[in-house]
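The values are calculated or read from the model by the stated rules, or taken from the named source; none is laboratory data. Because the structure is a prediction, the values reported are computed rather than measured. Because the Cβ atoms are built from the backbone with ideal geometry, glycine has one as well, and the counts that use them run over all protein chains shown. Areas reflect the complete protein model, heavy atoms only, side chains present, ligands, DNA and RNA absent. Shrake-Rupley method; radii C 1.70, N 1.55, O 1.52, S 1.80 Å.
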Amino acid sequence: MKLNIIANEPAKASNEKAYALFFVKESIQFSKVLSGKALDQAESVLKGMKDGPFEDLEFLEIDGNNTFFVDVAKERGLSALDHLRMAAYRLAKKAMKKQVACVSLFLADAANEQFKAIVHGLHYADYKFDAYKSKQKDDFQVTFEIVAGDRLKEFKKIAEDVAVEQKAVILAKNLINTSSSDLFPAEFVDRANTIAKYTPGLSIKVRNMKQLEKEGFMGLVTVGKGSSHEPYMVTLEYKPAKRTSKDHLVIVGKGLTFDTGGLCLKPPKSMPEMISDMSGAATALAAIQAIATLELPIKVSAVCCLAENAIGNKSVLPGDIFKAKNGKTVMVDNTDAEGRLVLTDGFAEAGIVGATHIVDIATLTGAMVRALGYAVAGFFSNDDDLALKVINCGEACCEKFWSMPLEEEYADALKDKFADLKNTGTDAGAIAAALFLQEFIPENTAWAHWDIAGTAFVTKQWKYTDYGATGFGVQTLIELAREMSAAE
Ligand code: BES
Ligand code: ZN
Ligand code: ZN
């Protein structure tokens, strides 16, 4: 996909070019492009789309011009902005299929957020993950000519920002979709090193198993020691050249490059999906890459807690007790509840680097999948201001978040007879996990926990993802950093 943002349409239109019209309920959005005659014809097409025989996406000749008609309100339950993303996504897919070299969109009337949504939608249509196919096919390249009128400068800047955000989304998706035998903790570290090397303002610190053990990061050691692939912790730090906010946002990501469940082995049916159990770490890495590239004026760190939850002769045994970095002891009641164990180290590290705000992002519980499914992420927070920002930033990025309670009535269920805590709690599995995490949050730190178990990876088409990683969370994290740097 190529974007060509111009002030006015060239006088002589090429015959390879098609126009695209977005419409909502029989009225055309951003409509100035049509001549009187074309408008009459378009209106009759829209009628035909409402009552038949036309479908919600048509490619027809109107007043001598090839024209796409895209129904912007097709899907149920999406916000107005997400409808635009989807409309642009469907348009781009259709244009690729029809091999239309250039599609012209008149967007001078669009608001900035609307334009941004459309550009995101066009980018999403380009994504494919065919690294494992024996033959790679080249998709047809469509150029989208955006007529911006006097918004040219603004739109160009927005398109640049979207390109950075989409690069991050693609990075996260590629990491998540990669097989676990090809993306084990050390390989993730290599990728993070490369990103740090080529992103100005980004520095990196890596701890291997020996260093983790020496410094008492025992969550990662406990979970990772059963695998032939040793665990790592990666801390990336972005120090802005210009800083407008005193806050230091630390993103902590669950990075289980594979989760067999350990000795509490998972059933085979749900296991292949566990290649995505490092989605949190991938999202954290991708977000900080974009935040640094966009030079947002806020200090941000990302802590990736990387391990493979495998079965081996050194695997943690159910009933084993370890001491976490903050001094609390934990009995491993269930080896499949491993994400919360590695995150204890991420929180300790967040405290060490001086977090004022922590957002952890994790494919943490099956309970969250059952509660909210694939379209909404549940989150927990100890800070109302941060919670509101999460919801608002999510909305701006077409990512849905639902606030869940840190219900103290369930806290006692995490107590253990021998140790301070155990890693399983009540039937309310997502809440139990969040309450466990809360025990490891450094004092006086605003914290939000995002459980993306349902939203990170889909096994059937959802919005702009056919199958696999969705990239959920990347954009909201970037937006959160943007919002936090603007707030003071
Ligand atoms: N990685 C899983 C959670 C998960 C489930 C992610 C489905 C994506 C899709 C996590 O480590 C896990 O297994 N959690 C257990 C915890 C339980 C044993 C207390 C769960 O939710 O079943
Ligand atoms: Zn697990
Ligand atoms: Zn897991």
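What about residue 375, is it open to solvent by less than 40 Å² (accessible area, probe 1.4 Å) and either small (Gly, Ala, Ser) or under 17 Å from the mean Cα position of the chain (by Cα) (or both)?
Yes: the conditions hold for residue 375.
In the stretch 62-91, the residues that are under 19 Å from residue 37 (Cα atoms) form Cβ pairs under 9 Å with partners that are part of a loop (DSSP other than H, G, I, E, B) and modelled with pLDDT of 95 or more, at six or more places apart or across chains, as follows: 66/100; 68/100.
Taken together, the residues in the stretch 311-346 that are in a loop (DSSP other than H, G, I, E, B), aliphatic (A, V, I, L, M), more than 11 Å from ligand 1 (Cβ to nearest atom) and open to solvent by less than 50 Å² (accessible area, probe 1.4 Å) amount to 2. Report yes if residue 98 is of a type outside the set (Asp, Glu), farther than 27 Å from residue 151 by Cα and within 35 Å of the chain's Cα centre (by Cα), otherwise no. So residue 98 passes the test. For the stretch 211-239, residues that are closer than 20 Å to residue 298 by Cα and either among the aromatic types (Phe, Trp, Tyr) or out of contact with any helix residue (DSSP H, G or I) (no Cβ under 8 Å at 6 or more places or on another chain) (or both) total 2. Number of residues in the stretch 347-369 that are more than 15 Å from ligand 3 (Cβ to nearest atom) and either under 23 Å from the mean Cα position of the chain (by Cα) or part of a helix (DSSP H, G or I) (or both) equals 12.
Of the residues making up the stretch 425-457, those that are within 30 Å of residue 471 (Cβ to Cβ) and within 10 Å of ligand 1 (Cβ to nearest atom) are 429, 430, 432, 433, 436, 451, 452, 453, 454, 455, 456, 457. Criterion applied to 413, 367 was being surrounded by fewer than 22 Cβ atoms within 10 Å (Cβ to Cβ), of a type outside the set (Lys, Arg) and within 11 Å of ligand 1 (Cβ to nearest atom), and the one residue passing it is 367.
For the stretch 283-310, the set of residues classified as open to solvent by less than 10 Å² (accessible area, probe 1.4 Å) and farther than 29 Å from residue 226 by Cα consists of 287, 288, 290, 291, 292, 298, 300, listed by residue number.
Pairs are defined by a Cβ separation below 9 Å, a sequence spacing of at least 6 or placement on different chains, a first member in the stretch 275-301 that is within 15 Å of residue 450 (Cα to Cα), and a second member that is charged (D, E, K, R) and part of a helix (DSSP H, G or I); the pairs so defined are 282/173. Taken over the stretch 51-89, the criterion of being in a helix (DSSP H, G or I), out of contact with any Gly (no Cβ under 8 Å at 6 or more places or on another chain) and modelled with pLDDT of 95 or more is satisfied by 80, 81, 82, 83.
Of all residues in the stretch 308-326, those that are more than 11 Å from residue 263 (Cβ to Cβ) and more than 16 Å from ligand 2 (Cβ to nearest atom) have Cβ atoms under 8 Å from Cβ atoms of residues that are open to solvent by 70 Å² or more (accessible area, probe 1.4 Å) and outside any loop (DSSP other than H, G, I, E, B), 6 or more apart or on another chain, in 325/215. Assess whether residue 455 counts as being open to solvent by 10 Å² or more (accessible area, probe 1.4 Å), touching a residue at least 12 places away in the same chain (Cβ under 8 Å) and polar (S, T, N, Q). In short, no.
Among the residues making up the stretch 345-390, those that are of a type in the set (Ser, Thr, Tyr) and either within 21 Å of residue 282 (Cα to Cα) or in contact with a Ser or Thr (Cβ under 6 Å, 6 or more places away or on another chain) (or both) are 363, 365, 374. I'd like to know if the stretch 157-165 contains one or more residues that are within 13 Å of the chain's Cα centre (by Cα) and not small (Gly, Ala, Ser). Checked against the condition, which is being within 13 Å of the chain's Cα centre (by Cα) and not small (Gly, Ala, Ser), the stretch 157-165 yields at least one hit. Of all the criteria given as (1) among the charged types (D, E, K, R); (2) open to solvent by less than 40 Å² (accessible area, probe 1.4 Å); (3) within 22 Å of residue 445 (Cβ to Cβ), the one not satisfied by residue 399 is (3).
In the stretch 378-396, the qualifying residues are those that are touching a residue at least 12 places away in the same chain (Cβ under 8 Å) and aliphatic (A, V, I, L, M), and the one that is surrounded by the most Cβ atoms within 10 Å (Cβ to Cβ) is 390.
Screening the candidates 97, 197 for the property of being surrounded by fewer than 16 Cβ atoms within 10 Å (Cβ to Cβ), within 27 Å of residue 28 (Cβ to Cβ) and of a type outside the set (Asp, Glu) yields one hit, 97. When residues of the stretch 225-260 are filtered for being over 24 Å from the mean Cα position of the chain (by Cα) and within 13 Å of ligand 2 (Cβ to nearest atom), how many remain? Count: 1.
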